[in-house]
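Everything on this sheet refers to the single structure shown next.
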Amino acid sequence: MRHHEFTLEMPFPSERIWALFQRYDLWKEYAPAVLDVEIVYAGDANGNGLLRKVIYPLPFGRRGESFELVTNVQPNRGYDYVMLRTGLSGSMALEPIDAGHTRLRFRESFHMKGPLRWLEGPIYRFINKKNEESMRGAVAWLAAHPEFTG
């Protein structure tokens, strides 16, 4: 079982970050970990039960897809998710520091099964790197788009 946690202080209020993270059509503009996102089921008014299909890059130019179920949504604060096929699970939390700064806390756990298990370490390091680049990409995207409010 692999665990990864990434924390990043962002110079934006949590509401603005949340608004960007809820715009799935924009993910591929700032997140190198995402090639495309399709909403399969929108969930309730807060997004609990949302099911998204995420297409993402893999090593050696390959592409993967995951169906991610979003739960425990707390608007402007965070959510949990699980990839239905792989069991990878994680959470994204936004912790306000002050009116204009937020700490993003991203956690994920991963465990490969079957004959590809020996590739777990290299694959997970690749995924971690892309996820961290995506969070930094969100900061750069928000800085470049000061007009964005959601």
- request: Could you name every one of the strands (runs of 3 or more DSSP E) located completely within the range 48-137 that has at least 3 residues being at pLDDT 80 or above and either small (Gly, Ala, Ser) or over 15 Å from the mean Cα position of the chain (by Cα) (or both)?
  value: 63-74, 89-98, 101-110
message: So, in the range 33-47, how many residues would count as being part of a loop (DSSP other than H, G, I, E, B) and surrounded by fewer than 15 Cβ atoms within 10 Å (Cβ to Cβ)?
response: 4
- request: Could you grab the pairs with beta carbons closer than 7 Å, sequence gap of 6+ or different chains, first residue in the range 1-17 and acidic (Asp, Glu), second one in a loop (DSSP other than H, G, I, E, B)?
  value: GLU15/ASN76
- prompt: Can we say ASP25 is of a type outside the set (Lys, Arg), farther than 20 Å from PHE126 by Cβ and without any contact (Cβ under 8 Å) to a residue 12 or more places away in the chain?
  reply: no
- request: Working only within the range 29-61, note down all residues that are touching an Asp or Glu at 6+ places or on another chain (Cβ under 6 Å) and not β-branched (Val, Ile, Thr).
  value: PRO32, ARG52, LYS53
- request: Those residues that are of a type in the set (Ser, Thr, Tyr) and out of contact with any strand residue (DSSP E or B) (no Cβ under 6 Å at 6 or more places or on another chain), I need them from the range 19-45; list them, please.
  value: TYR30
Single residue of the range 70-112 satisfying the filter (in contact (Cβ under 8 Å) with a residue 24 or more places away in the chain and aromatic (Phe, Trp, Tyr)) that is farthest from LYS130 (Cα to Cα): TYR79
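The values are calculated or read from the model by the stated rules, or taken from the named source; none is laboratory data. Owing to the predicted nature of the structure, the values given are computational and were not obtained by experimental measurement. Neighbour counts run over all protein chains shown; Cβ positions are idealised from the backbone, glycine included.
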